[in-house]
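> Please see the structure below; I have some questions.
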Amino acid sequence: MKLSSAMKLPSVPKPSSGLLAGLLLFICIGLLFVNPVAASAAELPCGGGDGEISEEELADAVCAYMLGEGSYSLDDVGDAAFIYSFWDGKAKTITDMHDRQVTFYRPVERIITTNPDNSRIIIAFGDLDKFVATDECTRGGCVLPRDVNDNKIALGAWEGLQVYGGGQLDELPETNTRKEIDYETMALLKPDVVFDALWYSRGDLIEEKVGCPCVDAGTGFTFEEDYALMRLLGEVLDRGEEAEDLENFVQSKVDMVKSVTDQLDESEIPTVYFAPRGAKKGFYDSVEGRDFTRTEAVYEPLTLAGGDNLAKECEGEEINVAPEQIVAWNPEYIFVAWSTWDGQTGKDFVMETPELSEIPAVKNGHVYDCFYPYCRGRPIDRSLLNMMYMAKCLHPEEFKDLDLEKEGNEIYRKLFGVDGVYTAIAEYQQFAEEVS
């Protein structure tokens, strides 16, 4: 029954600390069944404007809400209860990967990501249902695989990852591409946070145009960079336990390989040229500025696998070397990344090019395809797969018992909670089956 303004309510005592704790639990659980509504104002909900929510302020807000008084919504009271319980009643400030101070006045319930590396980790934390939009590559084939015709691979994974309200990953709204970003649509979706890629350096601009915190975050080709990303996203999303669990899982795979290669004598470490951009266009692609002559000075999966990266002394982030330099390096092994899903491999280019015919890797048949290590970022799944795959290629006897299919499926199960993803991928990228 709705009370008229003339009716006088009986006096209601403020809840005790014990009762308040129970009410907080009730409210926080209740929020799980309420559609999240963004509120990006730069102030704490239910607070007194002093930058802190006290026990008394929270108790007053709870009582007012339960009695139907005041203007506080269930979201306001629930967020205040969460902040009081888990943030010590204060706003949370984090430092992102561009050393920007980013402050949160409410827990995150609505997320936009602009690149797959951040999306992948957030999905692994179990927060896909908080996505309200994402980028073209998260929706495309950089998180879950697609073939050259854009058909979905591993359909069970696509069907298993359900976004909020139902639907698959590619049904999320797209708010940015490689070169364009739709600030207006982002703002209309009222996110609590935007996770942006490091290479754009536009965090402040996003905050200005979208009206919510923006966290610049990303990773590289070392696992410590992956761990730093997990910890940062875990801090923002209050997923510290999930971040630690995922880090421990990845480290266990690193330790599995490293425990073997650490025992190798220096003379057993072969020299390797790594072509991470493939060789589909030959030595050099004038449009993209890369192909077989593009390499990486730091690729930890190769080093951990027991290979000596010949480009390790090179400087810069986009390294192109002359074909003559590759010949001069005289690599014992060559890895050429499989850059497409159409069955064309750069390995054939290397084996058939006269200029490379005297290189030991070519003469001895030690030229291998490998997983493409990019996809609008540095996918951690591919880093782990390449580490194991390269170890089996470089040291087949030492890693003869490493089951790549078993390990690959376990990696994707950890990231996405679904089985058989690697098995489906290997049906298209069959080079992996040759050493499994």
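> Excluding Arg110 itself, what net charge comes from residues whose Cβ is under 12 Å from its Cβ, given Lys and Arg +1 and Asp and Glu -1?
Around Arg110, the charge tally is -2.
> I'd like the Kirkwood hydrodynamic radius of segment 221-281, using the inverse of the mean 1/r over distinct C-alpha pairs, in Å.
One decimal place: 14.3 Å for the Kirkwood radius.
> Can I ask one more? For Gly89, what is the net charge nearby, where nearby means another residue's Cβ is under 9 Å from its Cβ and Lys, Arg count +1, Asp, Glu -1?
My count for the surroundings of Gly89 gives -3.
> Taking just the alpha carbons, could you work out the radius of gyration and Dmax for segment 65-104, both in angstroms?
Just the Cα atoms of segment 65-104 yield Rg and Dmax of 14.1, 46 Å.
> OK, next. Among the aspartates and glutamates, which fall within straight-line cross-link reach of Lys281, defined as a Cα-Cα distance under 20 Å, with same-chain neighbours fewer than 8 residues apart omitted?
Asp147, Asp291, Glu296, Glu318, Glu324, Asp342, Asp348, Glu352, Glu355, Asp369
> Along each of its three principal axes, how wide is the spread of alpha-carbon positions in the chain, in whole angstrom units, largest first?
96, 42, 38
> Hey, could you pull the Cα Rg and Dmax for segment 191-340, both in Å?
Calculated on Cα positions, Rg and Dmax stand at 19.1, 57 Å.
> Within the chain, what whole-number % of the accessible surface is contributed by carbon and sulfur, with the 1.4 Å probe and all protein chains included in the calculation?
Its accessible area is 48 percent carbon and sulfur atoms.
> Moving on. With label points built 7 Å along Cα→Cβ from the Cα atoms of Thr103 and Asp129, find their separation and express it in nm.
Those two pseudo-labels are separated by 3.2 nm.
> Treating cross-link reach as a plain straight distance, find the lysines whose alpha-carbon is under 24 Å from the alpha-carbon of Lys209, omitting any fewer than eight places away in the same chain.
Lys92, Lys130, Lys179, Lys190
> Which of the lysines could be linked to Lys258 by a straight reach, that is with a Cα gap under 30 Å, when you skip same-chain ones fewer than 8 residues away?
In chain and number order, the partners are Lys312, Lys347, Lys363, Lys392, Lys400, Lys406, Lys414.
> Counting only heavy atoms of the protein chains, get the accessible area per residue of the chain (1.4 Å probe) and round it to a whole Å² value.
46
> Now, a different point. Per DSSP H run of at least 4 residues, take -39500 (n - 2.57); add these up for the chain, divide by its residues and hand me the 222 nm value, nearest 500 deg cm²/dmol.
For the chain, the value works out to -11500 deg cm²/dmol.
> Just how far, in whole angstrom, is segment 77-138 from segment 202-218 if you go by their alpha carbon centroids?
Here the two parts' Cα centres lie 12 Å apart.
> If you add up the charges near Ala275, with Lys and Arg at +1 and Asp and Glu at -1, over every other residue whose beta carbon is less than 11 angstrom from its beta carbon, what do you get?
+2
The values are calculated or read from the model by the stated rules, or taken from the named source; none is laboratory data. Keep in mind that what you see is a predicted model, and the values were worked out from it rather than measured. Quick reminder, even Gly has a Cβ in these numbers, built from the backbone with ideal geometry, and neighbours come from all protein chains shown. For accessibility, only protein heavy atoms count, side chains too; no ligands or nucleic acids. Shrake-Rupley method; radii C 1.70, N 1.55, O 1.52, S 1.80 Å.
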